[in-house]
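*Asks:* This is the structure I want to talk about, given as structure tokens.
We did not get these values from a lab; they are worked out from the coordinates using the rules stated. These numbers were taken from a predicted model, which means no experiment stands behind them. Every residue, glycine among them, receives a Cβ derived from its backbone with ideal geometry; neighbour counts consider all protein chains shown.
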Amino acid sequence: MKLLEADTKKLEYLLNLSYGTLYIPYSQRPYEWKFQQVLRLFNDFHSIYKSNDTTNSHILNFITIQIDEEDENKKYIYDGQQRTVTSLLILSALIDELRGMDINALNSATQLTNLYLFTSHWRDASATNYKVIFDNPSANFMLHEHIFKGQPIPTGYVFSDYDKALFDNYNYVKDLVHDRFGSTPTKEEIFRFIDVILDRILVIIIETSYENIAEEMFETLNSTGLLIEDFYVLKNALIRSLDEETVKPIWSTIEINTDRVNKSRFLHTYVNAINGKTSSKDLYNRISLLRNLEDPRTASDFLDELKETSDIFMKIENPSQRIDGNQDENNKYQQSINNLSLLGANQYKPVILAMGLRGFGLTDINSVLQGIITLQLRNIFIAEIKANTLELFYPKLAKEIYTRQITDVTQILTEISDEMINDTQLYEYFNNRIIESRKDEAIIRFILKEIYNSESNEIIINANSRDVNLEHILPITPAEGSQWLKDFPDEEQRNKSARKIGNMTVLLNRLNSRIKNSDFSNKKSAYLESAIPQNKLLGNETEWKKPNIDQRTIDLYNLFKKVWSK
């Protein structure tokens, strides 16, 4: 058996089917290179192509291969997956260019395909040998059927973590080819570029018959995992501590729950939930300090908890997936998560994770979400206190829930309430709040809808309706010669008054577009036509000047503090 052997070879040697199919072990992360990394590799290849020095070459770095002598000498690629697959994407894009040229180029494309991408038996097309095989069906479909064979993507196809980067990067490489060689590259240019890639790009191939040595080389060459996403380093550690058969079904569920989600953000949210505020760097080592993953029993318990966490996290990221309560509770949960998204809130998520892990029901979770919305509105939106003032509070609260220092929802709500500014402070901030950005206007639109809905049982303004627009009673840009310019002659004061909360309401689109920048005398009739009772009150006003705006700001403050009370 081969202990360890290293040799420098041309890329052609690694990619040629005669070297054998390269299997991607389950323990490896999905193909996930970003455009910047693809561009860097393409530029490395292209610089050799542009060089006049025919002796010039580029070393692609180490590729670690485990040869499984007990399974027909199968070759598993433990380090270098991203570089190898991207090289194949580049080669595939160049072969695809040749397919659209003359018959000689087409013949060359066929020969290159048979040498480097796949071969099919003439009698049985299903007996196909592919250069790379993933331990994932969607990744194999994307690479084999779409990229290697040119089959179209089915209508309604849903991308996953395992195939999106393959699809995006392949099309990006095709764009790069046209960028460097023009929209109609010549056959000779493509031939020469392919020749350079295969003949003048070098790799250092490290081969071993031992899986544990391949894994150790993988970690050593990647600075003990620091260059690899902690999520996949964690998966490898669990496989080592338990075994692949134990880890695979549970980890597959975790990956499904976190599909198309930033895995580092998921892990960071989890660590913040169980440990309080924790840096997002080096999460694997931080988890290792919290959990002895070398102990199989501890590793098994941790794996089960991470699976449960992934389910809770998925329902935070995709609230429509929450179906464990009654319809009313599910709707409240979904609306609350969507409202927090509107507010740009993310730091609260460890609290909901901790509550889920400690078995709090949906009714309690909804109560806490409402408390969090109130905290975000009072402190962050109205008072404009920096959001990072809560980056310690939420993880600390989450840890207290997770460690069972807090076991009752009333205690959680009290902690959240204690963090809020008081009503006296709120009054000051509310009266001086100036709404300028589009994002702030969207939030004020939400606030006004909620206030109006709380005041009226007869009519509910649809929170998701696109037909409800924010209306500035005193227009931001009054028409030239309008009464507004006479009532607010000072431009600076006019702009400030126009952007105060008391100068805003919501109107159906039809009414909003009709009155736009009209004088108040014309707007009044539209307000009286509105189905919203609060707008009818505006229509009964005789004039709209600064005292009116200031008084309505106070009136809205009183309603605001009633809906979002401390």
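*Asks:* Two decimals, Cα atoms only, Kirkwood Rh: what is Rg/Rh over the range 230-317? Could the numbers behind the result be given before it?
*Replies:* Numbers: Rg = 12.0 Å, Rh = 13.0 Å.
Result for the range 230-317 is an Rg/Rh of 0.93.
*Asks:* Continuing with the same structure: Under 27 Å from the Cα of LYS516, which lysines turn up, not counting those fewer than eight places away in the same chain?
*Replies:* Candidates past the 8-residue exclusion: LYS439, LYS449, LYS486, LYS496, LYS500, LYS524, LYS536, LYS545, LYS546.
*Asks:* List the GluC sites (Glu not before Pro) within the range 362-455 that DSSP assigns to loop and that have no more than 16 neighbouring Cβ atoms inside 10 Å.
*Replies:* Details: sites: GLU384, GLU391, GLU400, GLU415, GLU419, GLU428, GLU436, GLU441, GLU450, GLU455; in loops: GLU384, GLU391, GLU436.
Sites meeting the loop and neighbour criteria: GLU384, GLU391, GLU436.
*Asks:* Tell me the relative contact order for the chain as a rounded percent, counting alpha carbon contacts under 8 Å between residues six or more apart.
*Replies:* Values: 715 pairs, mean separation 71.1, N = 566.
After rounding, I find 13 percent.
*Asks:* Shifting gears a bit: Given the pairs LYS396/LYS566; LYS307/LYS566; LYS75/LYS315; LYS34/LYS332; LYS281/LYS386; LYS174/LYS349, which are separated by over 30 angstrom at their Cα positions?
*Replies:* On the way: LYS396/LYS566 20 Å; LYS307/LYS566 35 Å; LYS75/LYS315 39 Å; LYS34/LYS332 37 Å; LYS281/LYS386 23 Å; LYS174/LYS349 40 Å.
Violating the 30 Å limit, Cα to Cα: LYS307/LYS566; LYS75/LYS315; LYS34/LYS332; LYS174/LYS349.
*Asks:* Could you give the angle, 0 to 90 degrees to the nearest 10, between helix 263-275's Cα long axis and the longest principal axis of the Cα atoms of the chain?
*Replies:* In the chain, helix 263-275 runs at an angle near 60 degrees to the longest axis.
*Asks:* If you don't mind, another one. Kirkwood Rh over alpha-carbon pairs of the chain, then Stokes-Einstein at 37 °C and 0.692 mPa s: what D in µm² s⁻¹, rounded to an integer?
*Replies:* On the way: Rh = 28.3 Å.
Rounded, D is 116 µm²/s.
*Asks:* Another question, then. With +1 on the Cβ of every Lys and Arg and -1 on the Cβ of every Asp and Glu, and nothing else charged, how large is the dipole of the chain about its Cα centre, in debye rounded to the nearest 20?
*Replies:* On the way: 65 positive and 80 negative charges, 406 e Å.
With only Lys, Arg, Asp and Glu charged at Cβ, the dipole is about 1940 debye.
*Asks:* I've got another one for you. If eta is 1.002 mPa s and T is 20 °C, what Stokes-Einstein diffusion coefficient results for the range 271-373, Kirkwood Rh from Cα pairs, in µm²/s? Could you put the intermediate results ahead of the total?
*Replies:* On the way: Rh = 14.8 Å.
Taking Rh from Cα pairs, D becomes 145 µm²/s.
*Asks:* Set Lys and Arg Cβ to +1 and Asp and Glu Cβ to -1, take the dipole of the chain about its Cα centre, and tell me which of ASN535, ALA387, TYR19 lies farthest positive.
*Replies:* Positive-most Cα among the choices belongs to ASN535.
*Asks:* Report the FRET efficiency, 1/(1 + (r/R0)^6), for ASN388 and LEU342, where r is their Cβ-Cβ distance and R0 is 25 Å, rounded to 0.05. Please list the in-between numbers first.
*Replies:* Numbers: r = 19 Å, r/R0 = 0.77.
The calculated FRET efficiency here is 0.80.
*Asks:* Which percent, to the nearest 5, of DSSP beta bridges fully inside the range 5-221 are antiparallel? Before the final figure, lay out each step's value.
*Replies:* Numbers: 14 of 25 bridges.
Antiparallel bridges: around 55 percent, rounded to the nearest 5.
*Asks:* Using Cα centres only, tell me the gap between the range 1-38 and the range 118-171 in whole Å.
*Replies:* 17
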